[in-house]
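Contents: one structure, followed by commentary.
The values are calculated or read from the model by the stated rules, or taken from the named source; none is laboratory data. This one's a predicted model, so the numbers in the text were calculated from it and none came from an experiment. Note: ideal-geometry Cβ built from the backbone for every residue, glycine included; neighbour counts use all protein chains shown. Note: areas computed on protein heavy atoms with side chains; ligands, DNA, RNA excluded. Shrake-Rupley method; radii C 1.70, N 1.55, O 1.52, S 1.80 Å.
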Amino acid sequence: VDVFQAWCGPCKPVVNLFQKIKNEVGSNLLHFAVAEADSIDALEKYRGQCEPVFLFYTGGELVAVVRGADAPLLQKTILKQL
């Protein structure tokens, strides 16, 4: 889940990265979503930050968090969680 602020929007370059990884691994287990922190109470702790935050869930449980648009770290985290 790409958690973003309304004033800066979702991290568009990372959307391309996620699509590339999904095409490469061909996994139905990988899903990408965006969520505006200002409109979801459960994401309140991510409000007011100027860097994107990526939350990784497995079976409804938060299993990893990556702060910032660090493409190598995001790719490593995705592949590890798959």
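Can you name the residue in region 51-61 that is farther than 15 Å from Ala35 by Cα and open to solvent by 80 Å² or more (accessible area, probe 1.4 Å) and, of all such residues, is nearest to the chain's Cα centre (by Cα)? Step by step, filter region 51-61, then rank; the result is Glu61. The single condition from (1) assigned to a loop (DSSP other than H, G, I, E, B); (2) touching a Leu at 6+ places or on another chain (Cβ under 9 Å) that Trp7 fails is (2).
Within region 12-23, is there a residue that is aromatic (Phe, Trp, Tyr), open to solvent by less than 60 Å² (accessible area, probe 1.4 Å), closer than 17 Å to Thr77 by Cα and assigned to a helix (DSSP H, G or I)? For region 12-23, residues aromatic (Phe, Trp, Tyr), open to solvent by less than 60 Å² (accessible area, probe 1.4 Å), closer than 17 Å to Thr77 by Cα and assigned to a helix (DSSP H, G or I): present. Sort out which residues of region 62-81 are touching a helix residue (DSSP H, G or I) at 6+ places or on another chain (Cβ under 8 Å) and either without any contact (Cβ under 8 Å) to a residue 12 or more places away in the chain or open to solvent by 80 Å² or more (accessible area, probe 1.4 Å) (or both), and write them in order of number. If the condition is that a residue be touching a helix residue (DSSP H, G or I) at 6+ places or on another chain (Cβ under 8 Å) and either without any contact (Cβ under 8 Å) to a residue 12 or more places away in the chain or open to solvent by 80 Å² or more (accessible area, probe 1.4 Å) (or both), then Leu79 is the only one that fits.
If you filter region 40-50 down to residues that are assigned to a helix (DSSP H, G or I) and touching a residue at least 24 places away in the same chain (Cβ under 8 Å), you find that the one that is surrounded by the fewest Cβ atoms within 10 Å (Cβ to Cβ) is Leu43.
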